[in-house]
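Here is the structure we will look at.
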Amino acid sequence: MKFISKFICGVLVMMIFCQPVFIKALENKELIKGAKAGILIEANTGKIIFEKNKNEKMAIASMTKMVAQIIILEEVEKGKIKWSDVVTVSKNAADMGGSQIYISEGEKISIEDLMKGISMASGNDATVAMAEVIAGSEEKFVKMMNKKVQELGLKNTYFKNCTGLDEEGHYSSAYDMAMIARELVTNHPEILRFSSMYEDYLRENTDNKFWLVNTNKLVRFYEGADGLKTGHTDNAGYCLAATAKKNNMRLIAIVLGEDNSKTRNSETMALLDYGFLNTKFNLLKEKGTIIKRVKLDKSNREKVDIILKEDLGVVELVDDSKHKYNYNIKIDDIKLPLSSGDVVGKIEIISKNKVVTTGDLIVNKDAKKLNIWELFYNSFRGVCSGEI
């Protein structure tokens with residue numbers, strides 16, 4: 001059996017009565033007139049619905065911590081750390097100023113409680129404690145954060161610290177913050193377990209319990225809101241990355257440089273309202289849908305299914321005319337060994353001869369290449385059974 005070569009397997013045409021997908025960013029400058037910059041995107045596709053100075057480099061305060069959260073969650077997912085692991089707090093972490101959860105030098109605290117402190121209270125002390133656990137020092141952890149930003153392909157972000165405290169040369173943009181928030185909610189959804197809580201306790205079962213109230217008030221007062229991160233310094237002003245889900249659509253709103261927290265919250269809610277009122281997410285194919293079944297040569301597995309890694313759909317204006325979509329399926333060379341979840345191709349949604357959005361195609365099972373003795377055994381067994 002020949003390996004699948006890299007080519008476009010074909011265009012599968014499916015007539016779907018829906019609306020156009022080319023959303024030109026809606027313009028309503030009055031929406032966030034108090035913000036220096038902002039953006040609204042749909043989380044699944046990354047489609048921009050609204051923008052204002054989206055690429056302007058600015059201080060972003062504690063929204064910096066979203067990249068720290070990505071790294072922490074990756075370490076948990078890899079099994080390098082566990083939520084139940086206990087950390088001994090260093091003097092360096094305990095002495096951090098600004099927003100904090102008031103951990104003390106020598107105190108023992110779980111990684112889960114530190115993540116609560118970062119996500120709900122924006123604790124600088126908790127963030128530095130986690131940086132030291134993962135990288136050995138804040139300086140090395142910041143290098144990891146900048147590397148992660150590069151991996152995400154972001155051009156207008158650079159960090160000098162892991163907390164977001166004002167420092168020359170520490171900056172990001174509304175667009176980059178939206179992409180970082182999207183990485184969190186789509187690829188590390190466990191963040192929502194922490195960011196959606198309005199109030200909770202640290203060290204709850206001890207005599208030293210500490211009450212946390214989420215700095216992001218939208219998780220209590222805006223329907224569907226479950227994250228994500230606030231920020232405030234003198235240089236950055238009041239900032240917010242918010243996410244909410246309604247009607248099978250998740251939106252991410254970013255506002256930067258607001259004058260006060262009240263305006264920050266009201267303008268962020270206005271952005272979300274604007275998105276939910278004017279756009280919708282049209283789910284075309286669900287996560288896990290089998291796109292193709294591929295036979296394998298010289299493998300312990302006869303065939304594997306190639307499936308959608310995530311839901312595939314488009315963002316549409318609610319009042320546009322009906323439209324149709326085509327699909328292009330591109331399968332890479334299939335090389336053994338394979339691990340379940342390996343990306344082996346792309347599926348493109350086409351509208352009016354343009355690619356609207358793409359989705360990753362993955363294999364659903366592990367497969368390995370047989371060695372010479374295994375091949376000999378299979379051949380021998382086939383001859384004995386009459387199959388060959």
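The values are calculated or read from the model by the stated rules, or taken from the named source; none is laboratory data. Treat the numbers as computed from the prediction; the structure is a model and nothing was measured. Don't worry about glycine lacking a Cβ; one is built from the backbone with ideal geometry, like all the others, and counts go over all protein chains shown. Areas reflect the complete protein model, heavy atoms only, side chains present, ligands, DNA and RNA absent. Shrake-Rupley method; radii C 1.70, N 1.55, O 1.52, S 1.80 Å.
Would you point out the residue of segment 100-135, among those that are part of a strand (DSSP E or B) and open to solvent by 10 Å² or more (accessible area, probe 1.4 Å), that is farthest from Gly231 (Cα to Cα)? Step through it out loud before you land on a result.
Looking only at segment 100-135, we keep the residues that are part of a strand (DSSP E or B), and these are 108-110.
From what's left, open to solvent by 10 Å² or more (accessible area, probe 1.4 Å): 108, 110.
Values: Lys108: 27, Ser110: 24 Å.
Ranking the qualifying residues of segment 100-135, first place goes to Lys108.
Determine whether Ser351 is farther than 30 Å from Val315 by Cβ and either under 29 Å from the mean Cα position of the chain (by Cα) or at pLDDT 85 or above (or both).
no
Scanning for something basic (Lys, Arg), assigned to a loop (DSSP other than H, G, I, E, B) and surrounded by fewer than 14 Cβ atoms within 10 Å (Cβ to Cβ), does segment 68-79 turn up at least one residue?
yes
What number goes with the only condition from (1) closer than 30 Å to Lys309 by Cβ; (2) without any contact (Cβ under 8 Å) to a residue 60 or more places away in the chain; (3) not in a helix (DSSP H, G or I) that Thr45 does not pass?
Condition (2) is where Thr45 drops out.
Quick one: Arg293 ticks every box in (1) open to solvent by 20 Å² or more (accessible area, probe 1.4 Å); (2) in contact with a helix residue (DSSP H, G or I) (Cβ under 9 Å, 6 or more places away or on another chain); (3) assigned to a strand (DSSP E or B); (4) not hydrophobic (A, V, I, L, M, F, W, C) bar one, so which box is it?
(2)
Could you list all residues from segment 248-264 that are open to solvent by 10 Å² or more (accessible area, probe 1.4 Å), of a type outside the set (S, T, N, Q) and in contact with a Gly (Cβ under 9 Å, 6 or more places away or on another chain)?
Arg250, Asp259, Arg264
So that you can scan it fast, the table gives a plain yes or no per residue for (1) at pLDDT 95 or above; (2) open to solvent by less than 10 Å² (accessible area, probe 1.4 Å):
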position	(1), (2)
Glu190	yes, no
Lys209	no, no
Asn216	yes, yes
Arg220	yes, no
Asp226	yes, no
Lys229	yes, yes
Ala241	yes, yes
Lys246	yes, no
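Answer yes or no: is there a residue in segment 196-211 that is in contact with an Asp or Glu (Cβ under 7 Å, 6 or more places away or on another chain) and small (Gly, Ala, Ser).
yes
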